[in-house]
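What follows is one structure encoded as structure tokens, with my remarks underneath.
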Amino acid sequence: MSVAALPVRRRLSPEESRDAALDAARALLVESGPQAVTLKAVAARIGRTHATLLHHFGSAEGLQKALIGRMATAITGTIRDAVLRSRAEDRSPREVVDLTFDAFGKGGAGALASWMILSGDEGALDPILTAIHDLVDELAAEEHAQADRPIHEETLQLVLMALGDALLGAPMARALGLPRDAARDLALQMLAKRPGVAK
């Protein structure tokens, strides 16, 4: 093949290159699971070199941390909007439950965080926990009249249920003879018991 026949790659800014890598990493996570999110696989997916990704992220662990940080920001932003809609329109919290469970399950955040923790990265959940903490504090500030801060406890229950469901929900439901969405229904019941929440 002559030099003239080689395809010309568009030069990306560092930010564009980083975003492309994170988009590819997210796609690999959803398609093949957390073990597929490697520098080599992401580089191949976006047509860049392994060295380029090393420059941006430092390591596969750095790439995974950046991915989970980006996912956490997107997840909590979506959940925040759903909570505010639910409050404003006096609707059932079903949308909030579904978004949370989908983020950890179908979205892959639960699998990626667990993979990172089991690989020895004890701080893997930090971006998720920080984003959730900030979201809860923002929502609690809007409910400052409630002295017992129930939103913190509800968030703890909801996130733990969603993470557990992402990792063990299907086999546990099967083993107990329960419908697959039993954990979602329990989470909804928990939130629906809150005073002032539409049933």
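The values are calculated or read from the model by the stated rules, or taken from the named source; none is laboratory data. Every value quoted in this text rests on a predicted model; they were computed, and no experiment measured them. We place every Cβ from the backbone using ideal geometry, glycine too, and count neighbours over all the protein chains shown.
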Residue 44 vs. criteria under 30 Å from residue 155 (Cα atoms), without any contact (Cβ under 8 Å) to a residue 40 or more places away in the chain and in a helix (DSSP H, G or I): no
Qualifying residue in segment 10-17 (condition: modelled with pLDDT of 90 or more and not acidic (Asp, Glu)): no
Single match in 68, 75, 79 (criterion: β-branched (Val, Ile, Thr) and touching a residue at least 60 places away in the same chain (Cβ under 8 Å)): 68
Members of segment 29-41 found to be touching a residue at least 40 places away in the same chain (Cβ under 8 Å), surrounded by fewer than 18 Cβ atoms within 10 Å (Cβ to Cβ) and aliphatic (A, V, I, L, M), listed by number: 30
Index of the failed condition, residue 170 passing every other in (1) at pLDDT below 85; (2) out of contact with any helix residue (DSSP H, G or I) (no Cβ under 6 Å at 6 or more places or on another chain); (3) in a helix (DSSP H, G or I): (1)
